[in-house]
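Data block below; observations after.
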Amino acid sequence: MTLYDDKFSVNKPIKLGIIGGGQLGKMLAMEAKRMSMKVVILDPTLNCPASSISDKVIEGSFSDEQKIYELAKEVDLITYEIELANATALDNLERSGIQVHPSPRTLSIIQNKYRQKKFLRENNINVPDFEQVLDEDQVNKVCSEFGYPVLLKACENSYDGRGNYLIRSSNEIKTALEYFSGRECMLEKFVNFKKEISIMIARNTSGCISYFPVVENIHEEHILKTTIAPARISGDVERKAIDLAVRTMESIKGSGIFGIEMFVGEDNEVLINEIAPRPHNSGHYTIEACSISQFEQHIRAILDYPMPQPSLESEAIMINILGPAGLTGPYVLSGIRETLALPGARIHLYGKEDTKPKRKLGHVTILISDNDPLATRDKVEQYLIVQEAK
Ligand code: AMP
């Protein structure tokens, strides 16, 4: 049986275009396929992770306007799994009547860290202090105002911490500016956070909002390593986080799922670090641990289907399998049997042929019953080893 929908086309399966065919695109395509949709991907790599699940991959850059128009000709609606999608091309498509979710206007605000933070601040949503910086004199001035350490952030094309430089003293300002030479930058006050937390929250095109539980994230060298669901926080912090997430969704336009990353400060103040207008790594646990996954919720949101308020069916821990330092190229992963012997363990492998340092190659979710989540994480890290393929 095939899914039909009179909003899109009569007697034909819905055709979903996804910009980006990485692991998020793959898991989104898996959900779309469960509902027998046609899936067309735009990605620079023909054999990207989503290629094994999709009907077609258009080879091209996420920013290539013509390739995005080519994608639009083949599908009923477009979404994206990456912020690098060309917002101008998507805006043109939306103006010509093509459905694009989340809205390209929201994408263009989120794509630029300065615009994003400014938007949040203007909507009275708590964020760390920040300032756009245009030259060295201004950097000196703002650094003295904020006090050290300060983070210099590249406003665009920066994700997984690749766009951050920690300035510890005025002696490091020149080096930091050289590091981002020619790029638009902002300075942000360093938050001495107790915890990093996040929420996945969705809105459908009718405006209904529903959110997943607040989870706790542990980063290593700016990359997400572990998510613990639910977050080990007080009811007060949980309420503040949900309030910030809901107010953010009420301020920004567009439908789909959003990942909202936050800091819990020393005084239990909650501040937004970053918004992602797409499924998020810290929402992977929802596949096994929640009544609905972040990927299905995204598809329901953009097709304007009913969206249940997700419930946490089991406590869980998600551990990313990352490419080790010093290894680039073909790899093998060992320890799968030992990991799967852990009660409640599920492994997701993304099918990337080559590893790179810190590249996300897969993840493990473990449904926790009475075991200690961090001890379980340590076991997984001990078992799963990425090595050079011989
Ligand atoms: P980003 O790419 O900006 O989301 O940052 C990646 C990681 O850097 C975050 O998850 C935090 O661990 C850290 N980070 C970012 N901004 C700040 C900040 N203002 N204060 C302290 N740590 C930060």
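The values are calculated or read from the model by the stated rules, or taken from the named source; none is laboratory data. All values reported here derive from a predicted model rather than from experimental measurement. Cβ: placed from backbone, ideal geometry, glycine included. Neighbour counts: every protein chain shown. Just the protein is used for accessible areas: all its heavy atoms, side chains included, with ligands, DNA and RNA removed. Shrake-Rupley method; radii C 1.70, N 1.55, O 1.52, S 1.80 Å.
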> Taking region 93-109 as the region of interest, how many residues are open to solvent by 10 Å² or more (accessible area, probe 1.4 Å) and out of contact with any Phe, Trp or Tyr (no Cβ under 8 Å at 6 or more places or on another chain)?
Replying inline: 10
> Which is surrounded by 13 or more Cβ atoms within 10 Å (Cβ to Cβ), within 12 Å of the ligand (Cβ to nearest atom) and in the same structural domain as residue 298 (by TED's automatic domain parsing), of 224, 166, 152?
Replying inline: 224
> Of all the helices (runs of 4 or more DSSP H) wholly in region 66-154, which have at least 3 residues that are at pLDDT below 95?
Replying inline: 136-146
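Among 390, 352, which is the only one that is open to solvent by less than 40 Å² (accessible area, probe 1.4 Å) and either at pLDDT below 95 or under 26 Å from residue 52 (Cα atoms) (or both)?
Working: 390 fails: open to solvent by less than 40 Å² (accessible area, probe 1.4 Å).
One residue alone meets the criteria, 352.
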> Quick one: in region 203-218, which of the residues that are away from the ligand (no atom under 16 Å from the Cβ) and assigned to a strand (DSSP E or B) is surrounded by the fewest Cβ atoms within 10 Å (Cβ to Cβ)?
Replying inline: 209
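Yes or no: residue 200 part of a strand (DSSP E or B) and either assigned by TED's automatic domain parsing to the domain that holds residue 276 or within 12 Å of the ligand (Cβ to nearest atom) (or both)? Let's see the steps before the verdict.
Working: part of a strand (DSSP E or B): yes; either assigned by TED's automatic domain parsing to the domain that holds residue 276 or within 12 Å of the ligand (Cβ to nearest atom) (or both): yes.
Considered against the rule, which asks whether it is part of a strand (DSSP E or B) and either assigned by TED's automatic domain parsing to the domain that holds residue 276 or within 12 Å of the ligand (Cβ to nearest atom) (or both), residue 200 comes out as yes.
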>> Being within 16 Å of the ligand (Cβ to nearest atom) and among the basic types (Lys, Arg) is true for just one of 183, 105. Which residue is that?
In response: 183
>> Within region 310-317, does at least one residue satisfy the condition of being of a type in the set (Gly, Ala, Ser), open to solvent by 70 Å² or more (accessible area, probe 1.4 Å) and outside any strand (DSSP E or B)?
In response: no
> In region 118-134, is there at least one residue being of a type in the set (A, V, I, L, M, F, W, C), within 12 Å of the ligand (Cβ to nearest atom) and free of Cβ contacts under 8 Å to residues at least 40 places away in the same chain?
Replying inline: no
> List, please: which pairs have Cβ atoms under 7 Å, are six or more places apart or on different chains, and start with a residue in region 38-57 that is assigned by TED's automatic domain parsing to the domain that holds residue 71 and closer than 20 Å to residue 303 by Cα and end with one that is part of a strand (DSSP E or B) and open to solvent by 70 Å² or more (accessible area, probe 1.4 Å)?
Replying inline: 40/56; 55/38
>> Show me the strands (runs of 3 or more DSSP E) found entirely inside region 319-390 where at least 2 residues are within 18 Å of residue 285 (Cα to Cα).
In response: 345-349, 360-368
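Report whether or not residue 249 is within 14 Å of the ligand (Cβ to nearest atom) and of a type outside the set (D, E, K, R).
On the way: within 14 Å of the ligand (Cβ to nearest atom): no; of a type outside the set (D, E, K, R): yes.
No, not satisfied.
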> Of the residues that make up region 256-271, is at least one over 30 Å from residue 382 (Cβ atoms), open to solvent by 10 Å² or more (accessible area, probe 1.4 Å) and part of a strand (DSSP E or B)?
Replying inline: yes
